[in-house]
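Here's the structure we're looking at; comments come further down.
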Amino acid sequence: MTSTTPAPWDTVDPALVNPRAVRLVEAFKDALARMRDEHGLTFEDLHTVTTLLTDLHDATGVPLSLCAMPLFSEVFQGGGFGYTISEDVDSPTYVPGSPLIDNPGRLPMRPDEPGVPLIASGRVLDGHGNPLAGAELVIYHASNDGVYSGIWDDGQPKDNLRCRQITDAEGRYAFTTITPVPYSNMPSQAVETVAKAAAALGRSLYRPAHIHYEIHHPDLLKPYRGEVYFAGDPVIPVDFVGPKIAAPSLQADTVHHEDPEEIAAHGFDGPFNTAVFDFVLRTRTSPETALFRVRGRRDA
């Protein structure tokens, strides 16, 4: 007599099969096969990479997917056609609930916050060049010693150098902070295999100076996430995350001011920097290609 009970291997439910997942796995295997055939990829190579990512995760606590960003950072960047390049992932340095500041305003910082003052300003525009009034910017960056507040207990207040700001009727934003500097993640530096891998790829253990922005507005196709860098930073070509992540169109020119009258007029004790950067973001009514050039951005 034949049993009508299905064998365990016959219990796959077709309704649970995800065709997209099947396609992605097959495409991933095909890509690995091409790397094997064209570039000599071995299983030992894969083992080395996965071991490195595990070591990095154990040292930093960062999710494995984000530990792998040096391998794929530019892949998940959107933008182009004149629009400001955006990222599809949240930065591991993001902390929710930053305080709202005035416009113009000043990032929360300690009274003796080390660093050169920076006045950053610009506009948030759509593809026609129209201002996005009332857009919410989430702004944050590392301190002068390369540490983000609210992540590691280094004595910084939780919201140090973190804020939100609302653009005015002309889409303008403006804030005072300190000038970011290149930094290296200390837990990552302590992992010997990370240093060896960076050297093998011709990269440093440092990230170029940058400011993180998120931009939210009801008309945007999706929120903007990304960083603005500073032209001329020598770390950009050897960025730990990848030399293409700081695209030329994401690099702001910085002007250094040493005139005593300018310093006094802004209430600073010494020289300061200014940087202007305009974001051009695609809205529901924007053209496929942005129609104009903006300040503070270089051609890619």
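Semi-axes, largest first, in whole Å: what does sqrt of 5 times each Cα gyration tensor eigenvalue give for segment 219-287?
With the √(5λ) rule applied to segment 219-287, the semi-axes are 30, 20, 9 Å.
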With Rg and Dmax of the Cα atoms in Å defined as stated, name the option among (1) 23.0, 100; (2) 22.0, 73; (3) 23.8, 95 computed from the structure displayed.
(1)
Candidate lysines for bridging to Lys222, where Cα separation is under 27 Å - those fewer than 8 sequence places away on the same chain excluded:
Lys244
Search the structure for amide H atoms under 5 Å from the amide H of Tyr206, placed 1.01 Å from N in the peptide plane, and list their residues when 5 or more places away or on another chain.
Phe240
If I compute solvent accessible area with a 1.4 Å probe over the protein chains, what percent of it on the chain is carbon and sulfur?
58
Which whole-number percent gives the relative contact order of segment 1-157, counting Cα pairs below 8 Å spaced six or more residues apart?
10
Might you report the magnitude of the Cβ-based charge dipole of the chain about its Cα centre, with Lys and Arg at +1 and Asp and Glu at -1, to the nearest 20 debye?
640
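In the P(r) worked out for segment 27-82, what percent of Cα pairs fall beyond 12 Å? Let's see the in-between values first.
Working: 1132 of 1540 pairs.
The answer is 74 percent, as a whole percent.
Let me know the charge dipole size of segment 223-283 about its Cα centre in debye, to the nearest 20, where only the beta-carbon of Lys, Arg (+1) and Asp, Glu (-1) is charged.
580
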Just to confirm the number: angle between the C-alpha axis of helix 43-60 and the first principal axis of the chain, 0 to 90 degrees, nearest 10?
50
Calculate the dipole size of segment 189-300 relative to its Cα centre from +1 charges on Lys and Arg beta carbons and -1 charges on Asp and Glu beta carbons; express the result in debye to the nearest 20.
780
Degrees, to the nearest 10: 19-39 long Cα axis against longest axis of the chain:
90
What one gets for segment 65-105 as the Kirkwood radius, inverse of mean 1/r over different Cα pairs in Å, is 12.9
What order do Glu262, Glu170 take when sorted by accessible area (1.4 Å probe), most exposed first?
Glu170, Glu262
Between the alpha carbon centres of segment 206-283 and segment 71-149 the gap in Å comes to 8
Taking only Cα atoms of segment 155-219, radius of gyration then Dmax in Å:
17.3, 51
Taking only protein heavy atoms into account and a 1.4 Å probe, give the accessible area per residue of segment 37-118 in Å².
59
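The values are calculated or read from the model by the stated rules, or taken from the named source; none is laboratory data. All figures in this text were calculated on a predicted structure; none of them were measured in a lab. For neighbour counting, all protein chains shown are included, and Cβ atoms are generated from backbone atoms with ideal geometry for every residue, glycine included. Only protein heavy atoms, including side chains, enter the accessible area calculation; ligands, DNA and RNA are left aside. Shrake-Rupley method; radii C 1.70, N 1.55, O 1.52, S 1.80 Å.
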